[in-house]
Amino acid sequence: MKKNDNYSKEYKKYLKKVRQKKAFVLTSQITILIAFFAIWEILAVTGAIDTFILSSPSRILIQIGALFKNGTLFYHIGVTLLEAIIGFLIATALGSFIAILLWWNETLRRILDPYIVVLNSLPKVALGPILIIWIGAGMGAIVAMDILIMIIITIISMLNSFISCDKNKILLLQSMGANKFQILFKLILPNSLLDFISVLKINVGLTWVGTIMGEYLVSSAGLGYLIVNGSQVFKLDLVMASTIILCVLAALMYLIVSWIEKALKKSRAH
């Protein structure tokens, strides 16, 4: 017997509507994407836009094909992807850990609060030349820039999630003899799980910003390097091709986080 056989007719109708709505949303998203590239190509072919400046989908595909043929496509993608993933993992883990420390020690939180606010408002790209001097012109400086972009946002978001936990629940656990360590792992962290997923979604976007900013400043490989190199020699097909690849990578990374979110919601529902 199928699981759905136990459901009422009304609930089956509801599930059908939900599936239809999801299908409509997905179809609309794909249609908009196809229409965008189709209109772009038509405008390019008819001469309505200058392909030297705005390129075209067909020219972008030709450029990607050329990068694939000379063997540099996956090399540059791999370099940027590695930098982005390293920065993403370090910033998320370190930022969450610092947020836990600040939640644990209220005095430390009050001392560091104004500094966190100032660091959050500081334009991180201004620290780029300093990072290059401190760390050197290489992947380390790029990853450091990536971490700087994300870590303060991670600290603030996770700390706010920890602090906003229901005080009555904390008092209940304390009345039952729970120590701070038990409160953290039994209440605070589980309660902030969905907020952590939201932080991951934010960091998915920020990690690419940080990585490309770092590659703009100092790099000899990667998609940011291709964008800078292409703009310097006026190869806008290369610039647009690299940008499109970045969009695809960011979308894939976001889909992975969304899949993790759905899995966690299902596990919590059961």
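Laboratory data are not the source of any read-out in this text; all were calculated from the coordinates shown. Everything numeric here is computed off the predicted structure, so don't read it as measured data. Positions of Cβ are generated from backbone atoms using ideal geometry, with glycine treated the same way; all protein chains shown enter the neighbour counts.
What the table shows:
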item	result
Given charges at Cβ of Lys, Arg, Asp, Glu: the chain dipole, positive-most of Met240, Ala38, Gln63	Ala38
Highest-fluctuation residue, Ile202, Ile39, Ile64 considered, GNM on the chain with Cα pairs under 10 Å	Ile39
Greater than 30 Å apart at Cα, pairs in Lys22/Lys167; Lys124/Lys201; Lys167/Lys201	Lys22/Lys167
Extension gain, Asn160 back to Leu193 (0.36 nm per residue minus Cα-Cα distance, nm)	10.6 nm
log10 of Debye I(q)/I(0), alpha-carbon scatterers only, for the range 148-204 at 0.23 Å⁻¹	-0.86
Whole-Hz couplings from phi, Karplus 6.51/-1.76/1.60, listed for the range 225-241; x for Gly and Pro	4, 5, 5, 5, 4, x, 5, 5, 9, 6, 9, 6, 4, 5, 4, 5, 5
Three-way shape label, the range 1-115, alpha-carbon gyration tensor, a/c 1.5	oblate
Convex hull volume per residue for the range 41-100, taking Cα atoms only, in Å³	113 Å³
The range 1-73 versus the range 89-137: alpha-carbon centroid distance in Å	38 Å
Cα gyration tensor shape of the range 8-52, rounded if a/c is under 1.5, else prolate or oblate by comparing a/b with b/c	prolate
Additional length obtainable on full extension of the chain from Leu264 to Leu184, 0.36 nm per residue less Cα span	26.9 nm
P(r) weight above 31 Å for the chain, C-alpha pairs, percent	46 percent
Equivalent ellipsoid semi-axes - Cα gyration tensor, the range 173-257, angstrom	44, 13, 7
Crossing angle, helix 106-121 versus the chain [Cα axis fit, 0-90 degrees, rounded to tens]	20 degrees
Those chymotrypsin sites (Phe, Trp or Tyr not before Pro) in the range 173-268 that DSSP places in a loop and that have at most 16 other beta carbons within 10 Å	Phe234
Charge-dipole axis of the chain as Lys and Arg at +1 and Asp and Glu at -1 on Cβ define it, positive-most pick from Ile149, Ile130, Ile197	Ile197
Estimated vicinal HN-Hα couplings, Hz - the range 46-61 in sequence order (Karplus 6.51, -1.76, 1.60; Gly, Pro = x)	7, x, 5, 10, 7, 5, 5, 8, 9, 6, 7, x, 5, 5, 5, 4
